[in-house]
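> I have a structure I would like to understand better, so I am pasting it below and will then ask my questions one at a time.
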Amino acid sequence: MPWIGQALKLRVMESLRRQIEKQVHSLTGASLGVLDLDQPRFDAGLFGPESMVWKVHADFTSMMVGGISALLLQMLHPLALAGVWDHSTFRQDMIGRLRRTSLFVAGTTYGGRHDAEQLIDKVRRIHLQVVGQAPDGRPYAAYDPELLTWVHVSEVSQFLAGYLRYVDPELPVAEQDRYYREVALIAERLGAQNVPKSSQAIGDYLQRMRPQLQCDDRTREVVRLLYAAPVPNILAKPFGSLMMQAGVDLLPDWASELLGEHQVAWRRPVIRAGVRRTAKLLRWAVVNSAAQRAARRVAP
């Protein structure tokens, strides 16, 4: 009977969807089980559902690509690299680092106000312990306002770059500026100062920072580790490779050149097409993302 075949097909598709969603959640802060995005009811958090921050941070694929690109950009700053190199476990636990970063972004974006503020306070306390001396002799501190601004700008500029490439290339500049104004709140709560809050200001800031950036053996080791990052299972390895290539592709040309990551022209449209196909699949599969759970939490 036809209806039996249709029912079986639906069951298979639902099983596949659940498996994909499970793999996605295994890469995010959701797997840590420390944040309840379903509560408290009607709490809009720091930004709320009408914000550009909720909109830009909602798509898993573009945020993954943007996050990888942001890390590559951040590590071109010698003091940011020194702090991560000396104090982070990313070399031994790349997936754990990804999950913790994801938890912070999801929690401060979509969590209730109390949870978001707790996450910010926790990171501020951690930053107080991240101090040392870079190989060139300069001291560094993770709570340095200028260093916090660098980390913030390199992160959110690449998040938005991923959104523009893979979600909404036609997003008006006024809305891009609104995103930067809103998301600056997180950087300022962490202690950053003089945070640029428009597309023009972000672009100008990155140009001013270029003379301070460099690529050395440790930077190249970070790139190597990202290419070799573990994945939950062998089926996810092509996904990881594609995300890494897309992260490099998303960088400003001057940054990829500084890293020595040259992608031939014909590869770029292939990478982007692959990401778009993957994004379409993941948007179908993931029905309990941070953004979706928060939207249900604040719905009347």
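> Suppose the filter is in contact with a strand residue (DSSP E or B) (Cβ under 6 Å, 6 or more places away or on another chain), in contact (Cβ under 8 Å) with a residue 40 or more places away in the chain and assigned to a helix (DSSP H, G or I); does residue 71 pass it? Give the steps one after another, and end with the answer.
Details: in contact with a strand residue (DSSP E or B) (Cβ under 6 Å, 6 or more places away or on another chain): no; in contact (Cβ under 8 Å) with a residue 40 or more places away in the chain: yes; assigned to a helix (DSSP H, G or I): yes.
In short, no.
> List, please: which pairs have Cβ atoms under 7 Å, are six or more places apart or on different chains, and start with a residue in segment 11-36 that is over 21 Å from residue 115 (Cβ atoms) and end with one that is open to solvent by less than 60 Å² (accessible area, probe 1.4 Å) and modelled with pLDDT under 90?
23/236
> Can you name the number of the only condition in (1) open to solvent by 10 Å² or more (accessible area, probe 1.4 Å); (2) in a helix (DSSP H, G or I) that residue 46 fails?
Every listed condition holds for residue 46 apart from (2).
> Something else: Can you tell me which residue among 176, 193, 245 is exposed (fewer than 14 other Cβ atoms within 10 Å of the Cβ) and more than 19 Å from residue 91 (Cβ to Cβ)?
Going through 176, 193, 245 in turn, just one is exposed (fewer than 14 other Cβ atoms within 10 Å of the Cβ) and more than 19 Å from residue 91 (Cβ to Cβ): 193.
> Sort out which residues of segment 49-88 are of a type in the set (S, T, N, Q) and open to solvent by 20 Å² or more (accessible area, probe 1.4 Å), and write them in order of number.
Here is the first cut: in segment 49-88, the residues of a type in the set (S, T, N, Q) are 51, 61-62, 69, 74, 88.
Hit for segment 49-88 is 88, nothing else.
> Write out, first by first residue and then by second, each pair whose Cβ atoms fall under 9 Å of each other, whose residues are 6+ apart or on separate chains, and whose first residue, in segment 165-189, is farther than 25 Å from residue 101 by Cα while the second is polar (S, T, N, Q) and open to solvent by 40 Å² or more (accessible area, probe 1.4 Å).
What qualifies is 173/200.
> Return the residues of segment 15-31 that are open to solvent by 70 Å² or more (accessible area, probe 1.4 Å) and either over 24 Å from residue 240 (Cα atoms) or not basic (Lys, Arg) (or both); say none if nothing qualifies.
Residues satisfying the conditions are 16, 19.
> For segment 160-192, how many residues are farther than 24 Å from residue 270 by Cβ and of a type in the set (Ser, Thr, Tyr)?
We begin by selecting, within segment 160-192, every residue farther than 24 Å from residue 270 by Cβ; these are 171-192.
After this cut, where a residue has to be of a type in the set (Ser, Thr, Tyr) as well, the list is 179-180.
Residues in segment 160-192 being farther than 24 Å from residue 270 by Cβ and of a type in the set (Ser, Thr, Tyr): 2 in total.
> Out of all the residues in segment 112-141, which are more than 18 Å from residue 85 (Cβ to Cβ), open to solvent by 30 Å² or more (accessible area, probe 1.4 Å) and out of contact with any helix residue (DSSP H, G or I) (no Cβ under 7 Å at 6 or more places or on another chain)?
113, 114, 117, 118, 121, 122, 125, 128
> Output the residue which, of all residues in segment 221-236 that are in a helix (DSSP H, G or I) and modelled with pLDDT under 80, is surrounded by the most Cβ atoms within 10 Å (Cβ to Cβ).
Of all residues in segment 221-236, those in a helix (DSSP H, G or I) come to 221-227, 234-236.
When the remaining residues are screened for being modelled with pLDDT under 80, the result is 234-236.
Working: 234: 7, 235: 11, 236: 17.
Among them, the one singled out is 236.
> For segment 258-280, how many residues meet the condition of being at pLDDT below 95 and surrounded by fewer than 18 Cβ atoms within 10 Å (Cβ to Cβ)?
7
> Now, a different point. Would you check if there is a residue in segment 85-94 being assigned to a helix (DSSP H, G or I) and β-branched (Val, Ile, Thr)? First the steps, then the outcome.
Restricting attention to segment 85-94, the residues satisfying the condition of being assigned to a helix (DSSP H, G or I) are 85-87, 94.
After this cut, where a residue has to be β-branched (Val, Ile, Thr) as well, the list is none.
No, that holds for no residue.
> Would you please name the residue that is modelled with the lowest pLDDT, looking only at residues in segment 1-58 that are over 19 Å from residue 293 (Cα atoms) and of a type in the set (A, V, I, L, M)?
1
> Quick check on segment 243-250. Is at least one of its residues modelled with pLDDT under 90, among the β-branched types (Val, Ile, Thr) and at negative phi?
The initial filter retains those residues of segment 243-250 that are modelled with pLDDT under 90, namely none.
No, segment 243-250 contains no residue that is modelled with pLDDT under 90, among the β-branched types (Val, Ile, Thr) and at negative phi.
The values are calculated or read from the model by the stated rules, or taken from the named source; none is laboratory data. None of the values given here were measured: they were computed from a predicted structure. Using ideal geometry, Cβ is built from the backbone for each residue, glycine included, and neighbour counts are taken over all protein chains shown. Ligands, DNA and RNA are excluded from the accessible area calculation, which covers all protein heavy atoms including side chains. Shrake-Rupley method; radii C 1.70, N 1.55, O 1.52, S 1.80 Å.
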